[in-house]
Amino acid sequence: MDVLIVLNLFFFLCVSPLVKASDANTTCKSANCSLFSPEIRFPFRLQNLQPHHCGLPQFNLFCRENRTMIHFPSYGDLVVKSISYDTRRLNLLDPRNCVHEVFLNLNLSLTPFSYYYVVERYKYINCSDKLAGSFEQVPCLSGSDHHVYVVASSFRLPGSCSFVKTVAVPFSYSRYLSESSFGLAFTWNSGLNEESDCETGQPEKYFKTFYGVSGIMVLVFIVGMLFHATISEYREELNEEKVIKDMSREGEIDQLLGEYQGI
């Protein structure tokens, strides 16, 4: 019974994943949300269009109105403009056309992504009056009665301004850099070797390697379980033999007592 349980564990934990991994090359084909949208392949995956094993966790994308989208819990949905797998560059667009709102709210600490460009710390401030001089307010964050600026982190706040947040972003605001795609360039760290087969669009080798290591661990576990089962069965046989011998001795003693009483 123990041997059957161990064999079942071996099949489900080792053999079954390897069978799935061997099929990855035929099932993990690149996909697109539309004719002009970027090609999606490992480590990214298009939900509902590609199997789960064709991408890594936190690299899930989805289609909306023929556009490729990615979701960040700290901000929301962003449009995937392009992906360069060679340079690991992910270019995004903000559908609300407010890149500095993305900078303010996007938290990349729990994601495999980081800004592609070098970042600097800038201070966001909210002022009731417009600042004089060369300061430019961020139009998408400002209104008639409040004016939001992105300034150097060492900037001393005037009395009419309040501090909002200090964030590390690729650039401050400029009317010449306000196009929503500029700055929304990210790179990623999938935890894999840059020269690995996964990054060249062959996830099946990644899964074979992963499950190969897992298979060795499972095999060691199974050998241990089989050894334990064999020892347990051997002990049970010894116990049975001992019980039989004890019963035989008890029978012999009863027989001798019976003969003695007969005398």
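The values are calculated or read from the model by the stated rules, or taken from the named source; none is laboratory data. Bear in mind the structure is a predicted one, so any value in this text is a computation, not a measurement. Cβ: placed from backbone, ideal geometry, glycine included. Neighbour counts: every protein chain shown. What goes into the accessible areas is simple: the full protein's heavy atoms, side chains included, and nothing from ligands, DNA or RNA. Shrake-Rupley method; radii C 1.70, N 1.55, O 1.52, S 1.80 Å.
Please go through the stretch 38-67 and pick out each residue that is among the polar types (S, T, N, Q) and open to solvent by 20 Å² or more (accessible area, probe 1.4 Å).
Those that are among the polar types (S, T, N, Q) and open to solvent by 20 Å² or more (accessible area, probe 1.4 Å): Gln47, Asn48, Gln58, Asn60, Asn66.
Out of curiosity, is Gly143 open to solvent by less than 60 Å² (accessible area, probe 1.4 Å) and outside the structural domain of Leu61 (by the TED database)?
In short, yes.
How about the stretch 78-115: which of its residues are open to solvent by less than 20 Å² (accessible area, probe 1.4 Å), in a strand (DSSP E or B) and closer than 19 Å to Cys63 by Cα?
Of everything in the stretch 78-115, those that are open to solvent by less than 20 Å² (accessible area, probe 1.4 Å), in a strand (DSSP E or B) and closer than 19 Å to Cys63 by Cα turn out to be Leu78, Val79, Val80, Leu90, Leu92.
Yes or no, residue by residue, for (1) touching a strand residue (DSSP E or B) at 6+ places or on another chain (Cβ under 7 Å); (2) within 17 Å of Ala168 (Cα to Cα); (3) of a type in the set (S, T, N, Q):
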position: Thr68; (1), (2), (3): yes, no, yes
position: Pro73; (1), (2), (3): no, no, no
position: Asp77; (1), (2), (3): yes, no, no
position: Val80; (1), (2), (3): yes, no, no
position: Ser84; (1), (2), (3): no, no, yes
position: Arg89; (1), (2), (3): yes, no, no
position: Pro95; (1), (2), (3): yes, no, no
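Name the one entry in Ile125, Ile70 that is open to solvent by less than 40 Å² (accessible area, probe 1.4 Å) and under 24 Å from Cys28 (Cα atoms).
Ile70
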